[in-house]
Amino acid sequence: MQLAIENSIIHQFYSHDDQIGLRLAPEPLSDDEQLHELLEELTTVYTSKPAKGYASFLTEADEAEEVSDFPVLLKQWQAQELEFVELSQRAAKLLLEQLQNYQMLEAGFLLVTRYQHLSTDYLLVAFLPVKVGVTINPNLAVDRSSQLDISKVQLAARIDLTEWQTDPESQRYISFIKGRAGRKVSDFFLDFLGCTERLDAKSQTKRLVDAVTEFGKQAELPPEQRQSLNAVAYEYCDQQWKQGEDVKVKDLSEHFSQAQPTERSFEEFTQALSHEDKPALDESFPTDRSTLRKLVKFQGQGGGVSVAFDHTQLGERVEYDPETDKLTIHGTPPNLRDQLRRYFGIDS
C-alpha cells in the first residue's frame, strides 16, 4: 500500500493513581521507514476490520446537547489558521476530556496522521493500545517491555478530507471501527470527533442479500442457478470490501448478466423495489462482511445448538424438511465425528 504521508504525530495517554494523564508531543514525527511501516500495518488492520460505521459531523439539525470543537479545529487547520501540531494537541486535550467524562483509564497513544492514497486526502485518528511483554536486554537478562498492540485497535476513525471538502452534505465521509455487539466502546470516540453515525452498512448489506435472494426467486431460477448467482454476488462484494470500495448495483447487475442472463436485469429489479413496499437499494454503498456470508452460507445458533453449512450442500449432504423442521446431515465433519465416536466409546 503506497501512502504519501503529509503530517503525523503521536501523543501519550497514561494512567497514574486512578487518573488519566496526557503527554503532548512538541513536534511531528519524522517521515522515515519506521513510520511508514506503522501506518501501513495500521491501515491494513483498519481496512480488515469486518464491522465499520459511517458518519458525518454533527450539524445544528442534530440538536445535540454538547458538540465537540474537533470539527471547528479541523476547519481552522484546513484554512491554515492552525498548524498541524496545534491541531493534534488540542484534539488530544478534547479526547482527554472525553476519557475523564466516561471515567476511562485507557493508557495508550493517540496517532493523528494526514496522508494521501490514490489521490484522496485522509486524516486518520487512532487510539493505539499497548501490551506488556518480556524481552531480553543486552546483558541477556529478562526485562519487561511495552509495545503497541496494533491488531487490537478498536478506536479509530478515518476522515475523507477530499469528500468533506467537495461534498460537505455527504453522510459518510467519516468511517470508524464499530465495537462488538452490545458494546458502546466507540461512543465516546464519536463524541470526541463531534460526529454521528449516519449509514448502517450492516442494514444495507442485509437488504442486498434479501434482494439477491428475491431476484433469483422472481426469475424462477432453479436452485443451482440461484446458488450460482449468490456465489457471483459474494465474490464481487467481498472483493470490493477487501479493496475498501463500495458495492455498485449497476456493476453487480452486469456480473449477473454475464453469469446468468435473465429477462429483467438485477438493476431493473432493484429499481422496481422503490415502487413496492420494500425499500430500494442505494446505487452504491459499503458492505458488512459478516452479513455478506449469508449469500453463500446458512448458519444459526440457539438452544445449545450451532449449525453452519454452505448453500451448495443443501440438497446434497444436507437435507431439510420444512414440514417437520428436521435437518439431516449425511457425513459429519471429521473432527466432529471423532469427538462423537470417542464419546460413545467407538474405536476409530
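Here the stretch 4-199 is treated with +1 on each Lys and Arg Cβ and -1 on each Asp and Glu Cβ, and its dipole about the Cα centre works out to around 800 debye. Taking the Cα centroid of the stretch 1-80 and of the stretch 269-348, what is the distance between the two, rounded to the nearest whole Å? Rounded to whole Å, the Cα centres lie 39 Å apart. A simple spin-label model places the labels of residue 141 and residue 243 5.5 nm from each other, with each point 7 Å out along Cα-to-Cβ. Per the Debye formula on identical point scatterers at the alpha carbon atoms of the chain, with no solvent, log10 I(q)/I(0) at q = 0.07, 0.14 Å⁻¹ is -0.43, -1.17. Here the dipole of the chain is about 1380 debye; that uses its Cα centre as origin and unit charges on the Cβ of Lys and Arg (positive) and Asp and Glu (negative). Over the stretch 297-343, the hull volume per residue, using the convex hull of the C-alpha atoms, is 100 Å³. Here the stretch 202-295 has an Rg and Dmax of 12.1, 33 Å, counting Cα atoms alone. In terms of Cα atoms, the Rg and Dmax of the stretch 4-199 work out to 17.2, 62 Å. Considering only 213, 192, 223, and ranking their Cα positions along the charge dipole of the chain that arises from unit charges at the beta-carbon of Lys, Arg, Asp and Glu, the one farthest toward the positive end is 223.
If exposed means no more than 10 neighbouring beta carbons inside 10 Å and the site is in a DSSP loop, what's the longest run of the chain without any exposed GluC sites (Glu not before Pro)?
Segment 67-168 is the longest.
Of the cross-linked pairs 152/202; 75/250; 52/217; 131/294; 202/326, which ones have a Cα-Cα span greater than 26 Å in the structure shown?
Table pairs above 26 Å Cα-Cα are 75/250; 52/217; 131/294; 202/326.
Listed values for the stretch 66-72 are Karplus-derived 3J(HN,Hα) couplings in whole Hz (6.51 cos²θ - 1.76 cosθ + 1.60, θ = phi - 60°), namely 9, 10, 5, 7, 4, x, 5, and x replaces Gly and Pro. For the stretch 102-142 and the stretch 240-263, compute the distance between their C-alpha centroids and round to whole Å. Cα centroid to Cα centroid, the span is 37 Å. Relative to the Cα centre, the charge distribution of the stretch 297-343, modelled as +1 at Lys and Arg Cβ and -1 at Asp and Glu Cβ, gives a dipole magnitude of about 340 debye.
Of 302, 244, 53, which is the most mobile in a GNM of the chain whose springs link Cα atoms less than 10 angstrom apart? Result for the chain, Cα springs under 10 Å: 302 fluctuates most. Taken along its three principal axes, the alpha carbon spread of the stretch 22-104 comes to 44, 35, 31 Å, from the longest extent down to the shortest. The residue among 270, 339, 313 whose Cα reaches farthest toward the positive pole of the charge dipole of the stretch 259-348, with charges on the beta-carbon of Lys, Arg, Asp and Glu, is 339. When Rg and the Kirkwood Rh are both derived from Cα coordinates, the Rg/Rh ratio for the stretch 154-225 amounts to 1.17.
Each reported figure results from applying straightforward, stated rules to the coordinates on display, with no laboratory input. Note that the structure is predicted; figures quoted are calculated from it, not measured. Neighbour counts run over all protein chains shown; Cβ positions are idealised from the backbone, glycine included.
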